[in-house]
1. Select from region 62-109 the residues that are in a loop (DSSP other than H, G, I, E, B), of a type in the set (A, V, I, L, M) and modelled with pLDDT of 90 or more and list them in ascending order.
2. Would you check which residues across region 90-118 are under 14 Å from Leu166 (Cα atoms), among the β-branched types (Val, Ile, Thr) and crowded, with 16+ Cβ neighbours inside 10 Å and list them?
3. Which one is surrounded by the fewest Cβ atoms within 10 Å (Cβ to Cβ), of the residues in region 119-156 that are more than 13 Å from Val99 (Cβ to Cβ) and either modelled with pLDDT under 85 or of a type in the set (Val, Ile, Thr) (or both)?
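The values are calculated or read from the model by the stated rules, or taken from the named source; none is laboratory data. Since the model is a prediction, treat every value here as computed from it, not as a measurement. Counting neighbours? That spans all protein chains shown, and the Cβs are built from the backbone with ideal geometry, glycine included.
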Amino acid sequence: MNRTLTCICLVAALTAADASGAGQSSPEKPAGQAPPPAATKPATPQPQPPATQPAPPAAFSYNPEGRRDPFISLANRGADGRSVTNRPTGLPGVLIDEVTVKGIIKDQSGLMALIQGGDSKIYRVRPGDRLMDGTVKAVTPDAVVFSQDVNDPLVLQKQREIRKSLRPGEESRG
């Protein structure tokens with residue numbers, strides 16, 4: 001009877017192990033004993049990424065969000081369309097302030113001036129010729145007189161006279 005009781009306990013232990021989800025029982029394991037503690041593997045440290053140099057700073061970009069850029073000069077700004085990128089070609093794209101008088105020629109029709117623009121090109125002008133911000137008012141034997149349009153709302157005069165001399169240092173503004 002003792003032997004029968006041992007078999008019944010063994011069957012009961014195996015049935016209980018299957019019901020608890022262990023599902024596997026090793027034949028060497030005696031009935032009624034607790035399973036040995038699971039062998040824990042030593043934690044292997046994860047390889048650390050190599051130390052990297054800090055990334056170089058990105059190029060500076062200003063985001064105005066409706067404000068003006070404080071690093072752009074306020075001089076020569078406005079909606080007069082005088083930027084270099086959207087100027088017409090030739091004499092109509094030359095500003096009076098950029099002009100240098102290189103020579104004055106007299107022919108049968110009168111006096112004509114040779115002027116050099118900001119683009120380093122030489123242009124022939126006569127009285128009445130139009131530049132970007134004014135016109136040639138007169139050509140004299142020693143100077144060219146320009147009538148410059150003024151785009152300043154605070155100034156009452158809408159035009160001013162500028163005299164560019166053939167000899168540097170003798171120029172005047174009117």
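1. Scanning region 62-109 gives Val94, Leu95, Val99.
2. Those that are under 14 Å from Leu166 (Cα atoms), among the β-branched types (Val, Ile, Thr) and crowded, with 16+ Cβ neighbours inside 10 Å: Val99, Val101, Ile104, Ile115.
3. This residue is Leu154.
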